[in-house]
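What follows is calculated from the coordinates using simple rules that are stated; it is not laboratory data. Owing to the predicted nature of the structure, the values given are computational and were not obtained by experimental measurement. Don't worry about glycine lacking a Cβ; one is built from the backbone with ideal geometry, like all the others, and counts go over all protein chains shown.
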Amino acid sequence: MLSVGVLQQGSRYDLHIGASPDAPDESDLDEVSGAYGYVHSYETASRYDGPGLRVVLFLSGCLLRCQYCHNPDTWHLKDGTYVSAQQVIDRLAAFAPALQLVGGGLTISGGEAMVQRDFTRRIFSGAKKQGLHTAIETSGFLGDRADDRFLSEIDLVLLDIKSSDPETYRMVTGRELAPTLRFAERLAALNKAVWVRFTLVPGLTDEPANVEGIAKLVAPMKNVEWVEIQPFHQLGAFKWKAMQLDYALEHTEAPTPELTRRVLDQFRSAGCRVR
Ligand code: SF4
C-alpha cells in the first residue's frame with residue numbers, strides 16, 4: 001500500500017526526484033478510479049499557462065523524451081509525490097475566489113497529464129465545481145485517451161505541436177507525430193478551444209519547412225485561438241545534469257530576435273494569430 005504524501009507548492013524549476021520509489025512504470029499505470037495520483041508540484045501565480053492568473057499543477061509521468069525538456073524529473077511516476085485528488089481540490093479551494101476575481105483558473109501540465117487521465121479528470125471536475133476555468137497542457141500523444149467525459153471538464157487545450165515533420169518529431173521526442181495530429185483534428189471537429197504551442201529550438205525545430213507545416217496545419221482550424229512561440233532556454237539544464245542524463249542541447253542557445261521574428265512572420269503569413 002502506497003503512503004500518501006504532502007502536496008508540494010513550488011516551481012516547475014525545482015528538482016523533485018525519488019519521492020515514490022514503489023510507483024509503477026508510467027507506461028504500465030492502470031488507474032483504478034483516479035482518486036490518487038503522482039504530482040511533481042504546483043505553482044500559484046502563473047500568467048503564461050492560459051488566460052488570467054493560473055494555478056498550475058505539474059503531474060508526473062510522460063512517454064515522450066523531448067531533447068529540450070526542462071522537466072525530466074516529471075518523466076517517471078516514481079519521482080512524483082503520491083497524493084489524493086481530494087487533497088489537490090481542497091488546496092485549490094483556497095485560491096478559487098481570487099482566481100475567479102482575476103479571470104484565471106487551473107491548468108494541469110506535466111509531464112503529460114493524460115498518463116494519469118482519471119486523476120486529471122477528477123481534479124478538473126473539482127475545479128469546475130469551484131467555478132474555475134480549466135486548461136490542460138499536453139503533447140497530444142495520448143489524445144486517444146481523451147474521451148468525451150474527459151474533454152467535457154476542459155475549457156482550453158494548450159496543445160504542444162513539436163514538429164510537423166514525422167522524422168523531426170521522432171528525433172525531438174522519440175515518439176510518433178500521428179497521435180498528436182489526430183488529436184488536433186478531433187479538437188477542431190469538436191470546436192474545442194486550443195492554443196497551439198511551438199517550442200523554437202535553433203538547429204532542431206527551426207527549419208522553415210517545419211514551421212510552415214505547423215502553420216498550414218493549424219491556420220484553417222477555427223478553434224485555434226492563438227499560436228504561442230516558446231523560445232528554447234536552458235533553465236532546466238541543471239536537472240539533466242543532476243539526474244545524470246545525456247543532454248544533447250548543452251551548447252544550444254536561445255533563438256535570436258531575427259529567428260523569432262522569421263517564425264512569427266511565417267505563422268502570421270499563413271493566417272494564424274501568433275504571439
Ligand atoms: S512532453 Fe513535455 S514533459 Fe514530456 S518530455 Fe516533452 S517537454 Fe518533457
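List of remarks:
- Relative contact order of the stretch 201-258: 48 percent, from C-alpha pairs under 8 Å at least 6 residues apart in sequence.
- Neighbour-count order for LYS222, LYS192, LYS241, fewest beta carbons within 10 angstrom listed first: LYS222, LYS241, LYS192
- Crossing angle, helix 85-101 versus the chain [Cα axis fit, 0-90 degrees, rounded to tens]: 60
- Taking 0.36 nm per residue of separation and subtracting the Cα-Cα distance, full extension of the segment from LEU2 to GLU207 would add 69.2 nm.
- Of the residues GLU258, GLU137, the one with the fewest other Cβ atoms within 10 Å heads the list, and the complete ranking is GLU258, GLU137.
- Karplus 3J(HN,Hα) series, Hz, for the stretch 205-212 with 6.51 cos²θ - 1.76 cosθ + 1.60 (x for Gly, Pro): 10, 8, 4, x, 5, 5, 5, 4
- Counting Lys and Arg as +1 and Asp and Glu as -1 over every other residue whose Cβ lies under 15 Å from the Cβ of SER125, the net charge comes to -1.
- C-alpha long axis of helix 178-190 to longest principal axis of the chain, angle in °: 80
- Diffusion coefficient of the chain by Stokes-Einstein, Kirkwood radius over Cα pairs, 37 °C, 0.692 mPa s: 174 µm²/s.
- Helix-only arithmetic for the chain: the sum of -39500 (n - 2.57) across DSSP H runs with n ≥ 4, divided by the residue total, places the mean residue ellipticity at 222 nm at -9500 deg cm²/dmol.
- Remark: relative contact order (the chain) = 16 percent; criterion is Cα-Cα distance under 8 angstrom and separation of 6 or more residues.
- Spatial extent of the stretch 1-79: Rg and Dmax, with the Cα atoms as the point set, Å: 13.3, 39
- Length released on extending from TYR13 to GLU225, taking residue separation times 0.36 nm less the Cα-Cα span: 73.5 nm
- Scattering from the stretch 104-178 was approximated by placing one identical point on each alpha carbon and applying the Debye formula without solvent; log10 I(q)/I(0) at 0.14, 0.16, 0.24, 0.27 1/Å stands at -0.46, -0.58, -1.05, -1.24.
- Segment ASP265-GLN130, extension gain: residue separation times 0.36 nm, minus the distance between their alpha carbons: 44.6 nm
- When each of LYS78/LYS192; LYS162/LYS216; LYS128/LYS216 is checked by Cα-Cα distance, pairs over 24 Å: LYS78/LYS192; LYS128/LYS216
- Cysteines of the chain lacking any other cysteine Cβ under 4.7 Å from their own Cβ: CYS62, CYS272.
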